[in-house]
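Right, one structure below, let's go through it.
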Amino acid sequence: MLNDEVLSSIIGEQQLTELISEQEIKKRIVDIARDISDNYKGRIPIIIGVLNGSFLFLADIVRELDIEYEVDFIKISSYGNSTTTSGTVRLLKDISADITGRDIILIEDIVDTGLSLNFLKKRFEDASPNSLAFVTLLHKPHTSKIDFNIDHIGFEIGDEFVVGYGLDYKQKLRGLPSIYTLTKD
Ligand code: IMP
């Protein structure tokens, strides 16, 4: 856990307020992993994490699964060093696996505008997988514009900027064990 001095050198005058505790996250992950294990019994899905934000969430989900699975990663550009989206998505690192005919489970950290998820859906559909499911730790329903179903949502949150448990502020704070809002006052 970061000490106060390190923390204030990162966030300055801004406030960190716990929104979702470590225990709540753990509990929700057990539920989601149980659903995935039930849904994919007898199959070997490829679980694809969207870098960087999903690395902890994916690591915790796969350790709760009781089925066989493979893991891969894709990296797309998100906010850069800002707290608002740039409006365009770029593919920075593609997956290595051949996903044609496979069962794909995409793991996102957060769906905000939905721009990233729309981009990823198209990228994966173009490769003709057998199935494609979406899992996100967080969803901002008031800002997201997606016209398809997200199979598993950890938590719905308001239109606020959050950090911790994989989510960053200027590439920092990803290791905080809970999820916090970062506010100016
Ligand atoms: P979208 O394309 O607007 O849905 O944004 C998705 C990406 O933006 C996420 O994968 C995150 O990397 C980043 N993002 C969106 N909202 C937040 C936030 O509140 N905190 C940190 N990163 C965020």
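Nothing in this text is a laboratory measurement; each read-out follows from the coordinates by a stated rule. The model shown is predicted, which means the values in this text are computed figures rather than measured ones. Don't worry about glycine lacking a Cβ; one is built from the backbone with ideal geometry, like all the others, and counts go over all protein chains shown.
The GluC sites (Glu not before Pro) of the stretch 85-185 meeting both criteria, a DSSP state outside H, G, I, E and B (loop) and at most 15 other C-beta atoms within 10 angstrom of the site's C-beta, are E160. Classify the chain as rounded, prolate or oblate from the Cα gyration tensor: take a ≥ b ≥ c as the square roots of its eigenvalues, call it rounded if a/c is under 1.5, otherwise prolate when a/b beats b/c and oblate if not. In terms of gyration-tensor shape, prolate.
Remark: the chain carries a charge dipole of roughly 440 debye about the Cα centre, counting +1 on each Lys and Arg Cβ and -1 on each Asp and Glu Cβ. Across the cross-link table entries K27/K170; K75/K121; K75/K170; K93/K140, which are compared at the Cα atoms, the separations over 19 Å belong to K27/K170; K93/K140.
For the stretch 1-156, calculate the relative contact order in percent as a whole number, restricting contacts to Cα pairs under 8 Å that are 6 or more residues apart. Intermediate values should be presented prior to the final figure.
Working: 233 pairs, mean separation 31.2, N = 156.
Over the stretch 1-156, the number comes to 20 percent.
The GluC sites (Glu not before Pro) of the stretch 2-102 meeting both criteria, a DSSP state outside H, G, I, E and B (loop) and at most 11 other C-beta atoms within 10 angstrom of the site's C-beta, are E13, E68.
By the Kirkwood approach, averaging reciprocal distances over each pair of separate Cα atoms, the stretch 99-177 gets a hydrodynamic radius of 13.4 Å. Only Lys, Arg, Asp and Glu carry charge here, each on its Cβ (+1 for the first two, -1 for the last two); on that basis the stretch 7-70 has a dipole of about 140 debye about its Cα centre. Each of Y169, P141, F124 was scored by the projection of its Cα onto the charge dipole of the chain, and the greatest displacement toward the positive side belongs to F124; charges sit on the C-beta of Lys, Arg, Asp and Glu.
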